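Participant: Just passing along the structure, written as structure tokens.
Derivation of every value follows stated rules applied to the coordinates shown; laboratory data play no part. Computed from a predicted structure; not experimentally measured. We place every Cβ from the backbone using ideal geometry, glycine too, and count neighbours over all the protein chains shown.
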Amino acid sequence: MENEKVTVNINGCNYEVGAGLNVLEACRSVGVEVPFFCYHPKLKVAGSCRMCLVTIGTPARDRATGELLKKEDGSPEISWMPKPAIACGTKVSQNMHVVTDSEFIKSCRESVLEFLLLNHPLDCPICDKAGECKLQEYANTFGRGESRYIENKNVKPKKVMVAGKIMMDSQRCIECSRCIRFCREFIGRSTFSFTKRGSKTEISVYPNSDNDSNYLLNVVDGCPVGALTEKAFRFKMRTWFLKVTDSICGESSAGINVRVWSRNGKIYRITPRRNDAVNDMWMTDSGRYIHYRFEAKNRMSVARIDSSPCDLGYAAERCLEILKLGKVAIVANAWQSVEEMFLMKRLADACGAKIYMISHVGADDGKLLSADRTPNMRGAFLTGLLDSYPPKDFKGLGAAIDAGEVGTVLCFREDLKDFGLEQKQLKAANIIYCGALENNISASAKICIPLRTEFEKNGSWVNRQFRIQKFNMAVQAPENTFADIDFLSFLLSELEGSHFDAPSAEDVRAEMAKSIVAMKDAVHIPASGLPLDSSQFASVDFPEEDAMHYSRQKK
Amino acid sequence: MAAKETRIIYRHIGADAWNASIDKYLSDGGYSILSETVRRPREELCAEMEKSKLRGRGGAGFPCGMKWKFLDRKSGKPIYLVCNADESEPGTCKDRLLIYQDPHQIIEGIMCASYAINAAQAFIYIRGEYINGYRILMNAIEEARKKNFVGKNICGSDYSCEITVTRGAGCYVCGEETGLLSSLSGDRAYPRIKPPYFPAVMGLYDCPTAVNNVETLCWVPQIFKMGGEAFSKMGNPLDPGTHIWGVSGLVQKPGRYEIETGACTLGELLYDLCGGPLAGRRFKAVIPGGSSMKILRWDEKFSIKDKDGAQKEVRTEDIPLDADSFMKCGTAIGSCGIIVMDNTVDMVEALANLNQFYAHESCGQCTPCREGTMWMSRITKRICEGWGREEDVALLKSVADNMCGRTICALGEGAAWPTQSNVSKFKEEYYEKIRRQKKVGGQARLDNNSYRLI
Ligand SMILES: Cc1cc2nc3c(=O)[nH]c(=O)nc-3n(C[C@H](O)[C@H](O)[C@H](O)COP(=O)(O)O)c2cc1C
Ligand code: SF4
Ligand code: SF4
Ligand code: FES
């Protein structure tokens, strides 16, 4: 069924389109634009905005015999529907004829836009949606330019706060009902609803509803106009000034595909990116604010030795010296990219170190916030850092220090103190802390190496579905920080004696493809990610529960 | 043709010593058809219905037998029957009398229809304002249940069916069948898109559902008794049976008249039965089928084909009273509510009144109807208040054209037709009013508005 095709004639040309598509998607798949407001690929069809009207015809049949009628020249006779039909709510069928470019359809679109604009406040100059607003775009493309309306506009409530994070403006609302449908269908609980009737219809929120859902902000992305805007982004930046970078959300192993919107090195917002195999078009609200973790005040901005700032290169040299002394333990973490993990494994082999990792587990919401709150635990398995799911704390490392087996801990990102290492154990070993943020142990570590955040580098993570996905550098890293790969390859080239000169993530993946079977195709990763073979990890007890596009492997 | 009534559905309405009790109904042979019906095979009953060519009396005039045939019987889901008693079309109040005076006829009709389509449950969706009607129906159903005409093992057969009465949410779209179903299932009365929500396939609770008007259902026992064939010969074969014409407005004797289709003309109805216009006045226009249908000028002439295929010219008053003839004249009988206007009526005010109704009743779901009804209403109101512009006439027409045929439900069309027809048939009156008001200016505007209703 999925790959079945039907022939549809669109504006006089025949196209092969997927059977089972609606006319709107079918047109889109062959590059014919049909404008729409209320349609949303992931929600039920409402069919209420009437923007997508098209003329539809089907092959005519003889009433008596049921046979297809033919014109004189042998082409099939088409019976055209007397009224225009909504493209979003009509499924394609064999030999269907669709007209989207007639004068009549043009007038349909023009009139719908005119109707929508009658009561629209036209406050684009102060609306956050401006620049990415469907109404604005279509009014420009399909509208009639000037209004014939001289009556007063309706007045409806503006500036209504919803759940403390959304600003609702009913006057801008075009009553597309996407927000209502999203809450009903995805969250499973009604938050928004219409009140009143006719032109007075208002989008409103149920009074006292417990709208504490972690997915509510998706209605902001879904709202075709500026009726629902995000409080955190309100009046912060005009959208057209922002640079967009494709990335992956590091909040959990769900691996939500996101876009990072930034300007001059500052991230302004994070929004979901469509991936029908992972997150459809949604993301968590908490994931949108994850970049707040890396605010300047939390950053480790300069390399330090024994708490005094020093040159980055010098700190790295000292690091090397200490590692050469032996008795090293390496603390890795699952925020590191697959590429970094691969180098880490080689580093561990080169200095005979044991690798310690811990798990970060939280409640699984069965949707897009999975139990494993790290983005790349599967990557640690694939690169050989792990062979069983890691414990919750560093007690094992503590015991090794107590036993005198470990003299140096090369720690990436993790806060050893919070996760089970005692003060005297921390004292007993040389701690080299590498990370982007200050934490409990960075203050007392012997050497501190400032690294970059996931927004400042390229790399890839493997999510709970064993799908490898690429994240890209969104903002420039501050000066005096090391890219993790650079730092690791510097250590490696000294310890291994191999020549490994500041490779890119891609170079590392090419290297990896040679030595790790499951990764053999993962050099160039497509935008939608690449599922990897996970059969060898079938016995690992991963904590995630069944969720959207993920089902726990049966043991 | 002499104008005379043929009372079949209305046989008990206003009759001497009649009341709504079950004893009265039984004494007139009531429920005997039901007890025979539940012993007949269902296929036969549905076939009778198809043969009868009975058209729905709710407004759309869709053949009832066809509607039943389309019910999705293979899905394995329960089938529901919904009686549409939400009568709220302006100018229409034929169902009300049946509910108030002859509820058992409706119940018998519902049970016969339920049996024929094998419904698991029947509903009556009654207009919210008919509070007494609701009580009368509840009472009647209780009476009927006691006598085993409703509920378990009806009339000793193995068929069981309950009737639930639901009061409407007080709004016109609740009468639109899919809006009614949304409302009945607890949502806002938003009409649904077809496809996929054809009631016969995805109706109430997404189960196959037949929605029928009160009067349509009252016909069901009659047809089962006399047979589809016999019924189809009654009156005009394209629209057999009788229609209950609710005449309102400026005539001597407004009221409800049940007339066999095609048995008399519009003029005969209005002059002979309704006594003609009020003293000293002339008829100016009629809306034939509830406010949503296109208006007819009394002095209009139409060229229609008659039975033998000959082209002939008819005046408005010569139009025979059946669905087909009105269709040929570019309008429709809708719910048979005739609204009569005479020479004292200001057409602009009349339209303003209607437009205000539609602006108030549009459910607000789809763009053209939501904004269009409001816009038209504001324009006509403005003209009435004395601020009209000559370009408003063309604008009104254009707004109505932009709504027509582009909405989810027929309310959008029903709201556009009055404006379209009114503006094009009485254009001069609009211009005249606008010019006159312009001339008299401010004080006249004030005077003009001091007595206005809306
Ligand atoms: C806006 C609108 C209002 C309607 N109101 C009513 C009504 O009050 N009562 C009714 O029986 N049908 C009403 N209808 C017609 C119904 O949609 C439907 O056609 C009818 O209930 C079908 O019954 P029938 O086949 O017996 O006529 C309305 C239709 C529209 C578009
Ligand atoms: S608030 Fe936005 S998403 Fe919700 S109905 Fe209005 S326009 Fe649509
Ligand atoms: S046509 Fe009017 S009443 Fe019908 S669904 Fe659309 S807005 Fe609602
Ligand atoms: S997109 Fe099809 S009706 Fe709104």
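Participant: So what is the 222 nm mean residue ellipticity for chain A from helices alone, if each DSSP H run of at least 4 adds -39500 (n - 2.57) and you divide by all residues, rounding to the nearest 500 deg cm²/dmol?
Facilitator: For chain A, the value works out to -6000 deg cm²/dmol.
Participant: Taking amide H positions as placed in the peptide plane 1.01 Å from N, state which residues far from B:Ile338 in sequence (5 or more) or on other chains have amide H under 5 Å from it.
Facilitator: Counting only residues 5 or more places away or on other chains, the set is B:Gly246, B:Val247, B:Ser248, B:Gly290.
Participant: In whole percent, what relative contact order does chain B give with Cα contacts below 8 Å and a gap of six or more residues?
Facilitator: Once normalised by length, the contact order is 16 percent.
Participant: Compute the acute angle (0 to 90°) between the alpha-carbon long axis of helix A:505-515 and the principal axis of greatest extent of the alpha-carbon atoms of chain A; round to the nearest 10°.
Facilitator: That helix lies at roughly 70 degrees to the long axis.
Participant: Based on DSSP, what percent of beta bridges with both residues in chain B are antiparallel, to the nearest 5?
Facilitator: Around 50 percent of the beta bridges assigned by DSSP in chain B are antiparallel ones.
Participant: Also, quick follow-up: For A:Glu479 and A:Asp415, calculate 0.36 nm times their separation in residues minus their Cα-Cα distance, and state this gained length in nm to one decimal.
Facilitator: Result for the pair: 20.7 nm of gain on full extension.
Participant: Need the C-alpha centroid separation for segment B:122-171 versus segment B:223-244, integer Å.
Facilitator: 27 Å
Participant: Let me ask something else about it. Does segment B:16-57 come out rounded, prolate or oblate, given a ≥ b ≥ c as the square roots of the eigenvalues of its C-alpha gyration tensor, rounded meaning a/c under 1.5 and, failing that, prolate meaning a/b above b/c?
Facilitator: Judged from the Cα gyration tensor, segment B:16-57 comes out oblate (a/c at least 1.5, b/c at or above a/b).
Participant: I've got another one for you. What share of the DSSP beta bridges in the protein assembly as shown is antiparallel, in percent to the nearest 5?
Facilitator: Among the beta bridges of the protein assembly as shown, antiparallel pairing accounts for roughly 65 percent.
Participant: Setting aside same-chain residues fewer than 8 positions from A:Lys153, which aspartates and glutamates have a Cα under 12 Å from its Cα?
Facilitator: Reachable aspartates and glutamates: B:Glu371.
Participant: Using alpha-carbon pairs under 8 Å, 6+ residues apart, how would you state the relative contact order of segment A:102-165 in percent?
Facilitator: Computed over segment A:102-165, the figure is 43 percent.
Participant: If you restrict to DSSP beta bridges whose two residues both lie in chain A, what percentage is antiparallel, to the nearest 5?
Facilitator: 75 percent
Participant: Shape call for segment B:22-233 from the C-alpha gyration tensor, a ≥ b ≥ c root eigenvalues: rounded (a/c under 1.5), prolate (a/b greater than b/c) or oblate?
Facilitator: Judged from the Cα gyration tensor, segment B:22-233 comes out rounded (a/c under 1.5).
Participant: So how far apart, in nm, are the two label points at A:Val155 and A:Lys266 if each is 7 Å from Cα heading toward Cβ?
Facilitator: 3.6 nm
Participant: Next question. How big is segment B:347-446 by the Kirkwood estimate over distinct Cα pairs, in Å?
Facilitator: About 13.4 Å, per the Kirkwood formula over Cα pairs.
Participant: Send over the per residue convex hull volume for segment A:396-505, Cα only, as a whole number of Å³.
Facilitator: Hull volume normalised by residue count: 145 Å³.
Participant: Using Cα pairs under 8 angstrom and six or more residues apart, how large is the relative contact order of chain A, in percent?
Facilitator: Over chain A, the number comes to 11 percent.
Participant: Is the C-alpha gyration tensor of chain A telling us rounded, prolate or oblate? Criteria: a/c under 1.5 is rounded; beyond that, a/b larger than b/c is prolate, otherwise oblate.
Facilitator: prolate
Participant: Over the alpha-carbon set of segment B:1-40, divide Rg by the Kirkwood Rh and report the Rg/Rh ratio to two decimals.
Facilitator: A ratio of 1.12.
Participant: In terms of modelled amide H atoms, which long-range or inter-chain residues lie less than 5 Å from the amide H of A:Leu421?
Facilitator: For A:Leu421, whose amide H was placed from the backbone, the distant partners under 5 Å are A:Phe394.
Participant: Expressed as an acute angle from 0 to 90° and rounded to the nearest 10, what is the orientation of the C-alpha long axis of helix B:214-226 relative to the principal long axis of chain B?
Facilitator: That helix lies at roughly 50 degrees to the long axis.
Participant: Here is a further query. Can you give the local net charge around B:Tyr80? Use residues other than it whose beta-carbon is closer than 14 angstrom to its beta-carbon, Lys and Arg +1, Asp and Glu -1.
Facilitator: -1
Participant: How large is the dipole of chain A about the Cα centre if only Lys and Arg carry +1 and Asp and Glu carry -1, each at its Cβ, rounded to the nearest 20 debye?
Facilitator: With only Lys, Arg, Asp and Glu charged at Cβ, the dipole is about 1800 debye.
Participant: Note down the net charge around A:Pro121, summing +1 for each Lys or Arg and -1 for each Asp or Glu among other residues with Cβ under 11 Å from its Cβ.
Facilitator: +2
Participant: What pairs in A:Lys83/B:Lys77; A:Lys5/B:Lys69; A:Lys345/A:Lys395; A:Lys395/A:Lys520; A:Lys417/A:Lys446; A:Lys297/A:Lys417 have C-alpha atoms more than 24 Å from each other?
Facilitator: A:Lys83/B:Lys77; A:Lys5/B:Lys69; A:Lys395/A:Lys520
Participant: Under a straight-distance cross-link criterion of Cα-Cα below 15 Å, which aspartates and glutamates are reachable from B:Lys146, leaving out those fewer than 8 residues away in the same chain?
Facilitator: B:Asp23, B:Glu108, B:Glu162
Participant: Separate question: In degrees, nearest 10, range 0 to 90: what is the angle between the Cα axis of helix B:427-450 and the longest Cα principal axis of chain B?
Facilitator: 80 degrees
Participant: For every other residue with a beta carbon closer than 15 angstrom to the beta carbon of A:Ala296, add +1 if it is Lys or Arg and -1 if Asp or Glu, then tell me the sum.
Facilitator: Counting the neighbours of A:Ala296, the net charge comes to +1.
Participant: Grab the beta carbon distance between A:Ser286 and A:Glu545, set R0 = 25 Å, and tell me the FRET efficiency rounded to 0.05.
Facilitator: After rounding, the FRET efficiency stands at 0.90.
Participant: Could you tell me, in Å, what Rg and Dmax come out for the Cα atoms of the protein assembly as shown?
Facilitator: Cα only, the protein assembly as shown: 37.1, 120 Å (Rg, Dmax).
Participant: When the Cα atoms of chain B are enclosed in a convex hull and the volume is divided per residue, what value in Å³ results?
Facilitator: It is 150 Å³ per residue.
Participant: What are the GluC sites (Glu not before Pro) within segment A:469-555 that DSSP puts in a loop, where the Cβ has at most 10 other Cβ atoms within 10 Å?
Facilitator: Counting only loop positions with at most 10 other Cβ atoms within 10 Å, the GluC sites (Glu not before Pro) in segment A:469-555 are A:Glu479.
Participant: Now a separate question. Would you compute, from DSSP H runs of 4+ residues alone, the mean residue ellipticity of chain B at 222 nm, taking -39500 (n - 2.57) per run and dividing by the full residue count, rounded to the nearest 500?
Facilitator: Here the helix-only value at 222 nm equals -12500 deg cm²/dmol.
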